[in-house]
Amino acid sequence: MSGSKPDILWSPHHPDRYVICDSELGLYRIGPVGNTETKAGTLPLSEETAATLLAINSDTPYMKCVAWYSKHEPECLLAVGQANGRVVLTSLGQSHNSACKELVGKEFVPKHARQCNTLAWNPVDSNLLAAGLDKHRADFSVLIWDISSKFSPEASATAEKIRLSSVDSDSNSVVTKPLYELGQNDACLSLCWLLRDPKLLLAGMHRNLAIFDLRNTSQKTFVNTKAIQGVTVDPHFPDRVASFFEGQVAIWDLRKFEKPVLTLTEQPKPLTKVAWCPTRTGLLATLTRDSNIIRLYDMQHTPTPIGDETEPTIIERSVQPSDNQIGSFAWHPSSQNRMVVVSAANRVMTDFTVFERISLAWSSTTSLMWACGRHLYDCGEDGSEGVMERDIATKMRQRAQSMYGHDTVQVWRNHLLAGGNDPQLKSLWFDLSYMKQCAEDAELKLQGNKQSVVYSGIKNIVKISSGTCESRKCWSGSDRQADVPRYHSEERCLALRLCGWISRGPDVDVEPFLRSLEKEREWERAAAVALFNLDIRRAIQILNKGASADNGDLNLNVVAMALSGYTDEKSSLWREMCSALRLQLKNPYLCVMFAFLTSEPGSYDGVLYESSVAVRDRVAFACMFLSDSQLPRYIDKLTGDMKESGNLEGILLTGLTKDGVDLMESYVDRTGDVQTASFCMLKGSPVDVLKDPRVQCWIENYRNLLDAWRFWHKRAEFDIHRGKLDPSSKPLAQVFVSCNFCGKSISYSCSAMPHQGRGFSQYGVSGSPTKSKVTSCPGCRKPLPRCALCLMNMGTPVSNCPGPGKSEETVDLIRENKLAQFNNWFTWCHNCRHGGHAGHILSWFRDHTECPVSACTCRCMQLDTTGNLVPSDSS
């Protein structure tokens, strides 16, 4: 506008058109870059959009404000307020129908010339146009014109007095009589129609905000304030209004108009514009002078109605649409969070979208949901196999359903319950299974506590090794003695048992282990174990068997042939070629076989540090071929590597000790698998390990996970399982029934009994009619309350008293086998205090919603927030 910064107006009818108001009016159409014609007047707005200039109107000089007609017909009618106070109706080169031709060029002239500051079309009665003017001592500052009114005789005389007009006006199109005149002897700087009532007009006067009612113009509602500029109504909350003064924004509630409900943080520079987002609830944008940022205030969470003592929550943020100083901005009327910004100079325009803050919610079943604007996005885990590895929470949930970790007899089977496809879990559960077997072996003679030694891990077992003897054994099937020293002791034999190589007995017999490997078609591993036990003929036999098996690898025959040519001569061609070519073998067990045959005695790094070979096999090899000085050093180094990487195969070395907790901590940090950590630590850890805060944290987190999944039965089973393995974890009794008269527990006479597992059987509530009954308080002998349904004193078994209820209810109880202890429990409503036997109460509320007691209208079962929840693990 003349001598001022430009402004933007979006078309209320066409979402792709807007007007730039400056010294002239420019109509633009916005569209995708690919669809916009490359011609003069095309301006890029963003990477995806550009604007095309459609029309220019320079017929209305001295523009101060512009308002776009809100109705569809005529579709491109604009009201322009000028510096002399006149309001001119104009258009932008559109095809005019008869109605438009009558209106275009029409002028509305005040009695006294002064500047027009603001215009506003009535959103319902589209003929009404409100204009706010500067102060004049003999005139009104708020004039409401009826654009359909005809020419008045006084118009020609008034038109002659207007000196600022540069164009001669047609006297037939001049209107000088407004429909309403408001705000005498005052100035109007801003105004807007209230959405809740089209007869109410809110105006920012010189010293106050005033609400004018067109039905009674002699009265007005006002509040004194300096925040009188830029009044605008929130389109989503018609009672919420924003206005500003200098650098401060005030938020008003029209229902409590005495003072602002909120004053936003004052800006260092004066504000030039505030605007509510039409597509987003409670989002207010503000612009300050000579700034290249737009500040946003999110008031979506402001409570309504707003109380005097309530402090609304405001989220404040800033966005920078471009590097240029911003002259004005305008929200798009329909595209979410979209605005067009025009620079203060040169009309540089930018199409900009304000991205929402994203709120994330992650369910316990690994579904991810986030909210962005009006949209909710739900992202579930892909159930198809082979896409990517499933999240650990999904794995734990499926394992919990298969009772993973609960098999305490055949402990190794737990890895099958976990799916059987994780080699680390397989190693872990076999380690725990071997530890359990050794701890239960009555023939095993060890110093100290046998169970604590077995579960302390091979690292601690080899440290107490004593009486180690060295031997040299011939190759099996040959009289030639192997130049390889082997070491024996009770502790080393125990280590071999924990590795799974041998079973109970003093002799080192690996044949059962070899047969089990052949059954699992692990031919290379079986051959390596046979070779490490100096049975080269058995190794060759296994390789040949593997080559001839179904889908067997024929290359195993070549390896067997290479083994058959073994010679211990240091300078032989066989040794030279095997040393050079063994690293080209893809299978690690075939590689370590030739490394063993070509190594010097006592130097087996090619076997011991082959990371692709199972830890148990490397440890077993070390226990057979490393001396007392070499073995602890190697075990310590390997244990450190396992702890650092969180490899569950290292439990064999650390056992269920503090070192084991350190290793498990690394594993949980890497995978998040608190389920395996909890079950593992419960299998044989000493009390001090179970009391470790990390172990307790894993257990409690797993219990919370089961509750979050609504696996309440599974969580109860886990608690029972935990109580058997860790008796100190059993909780004490926390709930008991007290007498209404003396307040004592009805079970106080048995207080000397252990709390755990104590039921109500001694009070005749076990469900058996032959058990003794306690229907009165043991302390004061007063009778216990009566069941609201069977009218018998509590303590009477359900089976003894069918009660006055429907016979089908009793049949239903019997049919569903409800004669368990729970059916006789004391049950009552915390609201009305009525109750009875649990079995009777449950049966009643299957068919009724109100309390069974006469004249009581309490809906007892509906008061329980968890009453309608169904366990996810229920059958």
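The values are calculated or read from the model by the stated rules, or taken from the named source; none is laboratory data. Predicted, not measured: the structure shown is a model, and the values here were computed from it. Neighbour counts are summed over all protein chains in view; Cβ atoms, including those assigned to glycine, are modelled from backbone coordinates with ideal geometry. These accessible areas exclude ligands, DNA and RNA; they are computed on the full protein's heavy atoms, side chains included. Shrake-Rupley method; radii C 1.70, N 1.55, O 1.52, S 1.80 Å.
Data for the structure
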read-out: Filter result (open to solvent by less than 30 Å² (accessible area, probe 1.4 Å) and of a type in the set (Val, Ile, Thr)) within the stretch 236-270; value: Val241, Val249, Ile251
read-out: Members of the stretch 179-235 found to be buried (at least 19 other Cβ atoms within 10 Å of the Cβ), in a strand (DSSP E or B) and touching a Lys or Arg at 6+ places or on another chain (Cβ under 8 Å), listed by number; value: Leu182, Ala210, Phe212, Gly230, Val233
read-out: Long-range neighbours under 8 Å by Cβ, at least six apart or interchain, first residue farther than 23 Å from Val124 by Cα and open to solvent by 40 Å² or more (accessible area, probe 1.4 Å) within the stretch 6-24, second of a type outside the set (Lys, Arg) and not in a strand (DSSP E or B); value: Asp7/Met1; Asp7/Asp22; Ser23/Met1; Ser23/Ser2; Ser23/Ser58; Ser23/Pro61; Glu24/Ser58
read-out: Within the stretch 260-288, considering residues that are aliphatic (A, V, I, L, M) and in a loop (DSSP other than H, G, I, E, B), the one farthest from the chain's Cα centre (by Cα); value: Val261
read-out: Glu75, sole failed condition from (1) in a loop (DSSP other than H, G, I, E, B); (2) surrounded by 18 or more Cβ atoms within 10 Å (Cβ to Cβ); (3) modelled with pLDDT of 85 or more; value: (3)
read-out: Residue list for the stretch 501-546, filter: under 19 Å from Leu581 (Cβ atoms) and either of a type outside the set (Asp, Glu) or open to solvent by less than 20 Å² (accessible area, probe 1.4 Å) (or both); value: Ala527, Ala528, Leu531, Ile536, Ala539, Ile540, Leu543
read-out: Positions within the stretch 133-153 being surrounded by 12 or more Cβ atoms within 10 Å (Cβ to Cβ) and either part of a helix (DSSP H, G or I) or at pLDDT below 55 (or both), in sequence order; value: Phe151, Ser152
read-out: Total residues in the stretch 600-636, condition among the polar types (S, T, N, Q) and touching a helix residue (DSSP H, G or I) at 6+ places or on another chain (Cβ under 6 Å); value: 1
read-out: Residue within the stretch 616-629 that is surrounded by 14 or more Cβ atoms within 10 Å (Cβ to Cβ), among the aromatic types (Phe, Trp, Tyr) and without any contact (Cβ under 8 Å) to a residue 24 or more places away in the chain present; value: no
read-out: Qualifying positions in the stretch 717-757 - part of a loop (DSSP other than H, G, I, E, B), exposed (fewer than 11 other Cβ atoms within 10 Å of the Cβ) and either at pLDDT 80 or above or on the phi > 0 side of the Ramachandran plot (or both); value: Gly743, Gly757
read-out: Lone unmet requirement of (1) within 26 Å of Met349 (Cα to Cα); (2) among the small types (Gly, Ala, Ser); (3) surrounded by 20 or more Cβ atoms within 10 Å (Cβ to Cβ) for Ser46; value: (3)
read-out: Every pair of residues 6+ apart whose Cβ atoms lie under 6 Å, when the first sits in the stretch 390-412 and is open to solvent by less than 30 Å² (accessible area, probe 1.4 Å) while the second is among the acidic types (Asp, Glu); value: Thr394/Glu381
read-out: Which numbered condition Arg492 fails, given (1) open to solvent by 20 Å² or more (accessible area, probe 1.4 Å); (2) at pLDDT 85 or above; value: (1)
read-out: Those residues of the stretch 819-844 which are part of a strand (DSSP E or B) and closer than 14 Å to Met861 by Cα, in sequence order; value: Thr827, Trp828, Gly835, Gly836
read-out: Cβ-Cβ under 9 Å pairs, at least 6 apart or on other chains, the stretch 780-806 side at positive phi and at pLDDT 85 or above, far side open to solvent by 30 Å² or more (accessible area, probe 1.4 Å) and of a type in the set (Gly, Ala, Ser); value: Leu791/Gly803
read-out: Matching entry among Leu656, Leu706 (being assigned to a loop (DSSP other than H, G, I, E, B) and buried (at least 20 other Cβ atoms within 10 Å of the Cβ)); value: Leu656
read-out: Some residue of the stretch 611-624 being of a type outside the set (A, V, I, L, M, F, W, C) and over 23 Å from Ser489 (Cβ atoms); value: yes
read-out: Number of the exception - Pro686 against (1) touching a residue at least 40 places away in the same chain (Cβ under 8 Å); (2) closer than 22 Å to Met396 by Cα; value: (2)
read-out: Out of Lys691, Lys714, sole residue that is among the basic types (Lys, Arg), free of Cβ contacts under 8 Å to residues at least 60 places away in the same chain and out of contact with any strand residue (DSSP E or B) (no Cβ under 9 Å at 6 or more places or on another chain); value: Lys691
read-out: Counted residues, the stretch 326-373 - those being in contact with a His (Cβ under 8 Å, 6 or more places away or on another chain) and open to solvent by 20 Å² or more (accessible area, probe 1.4 Å); value: 1
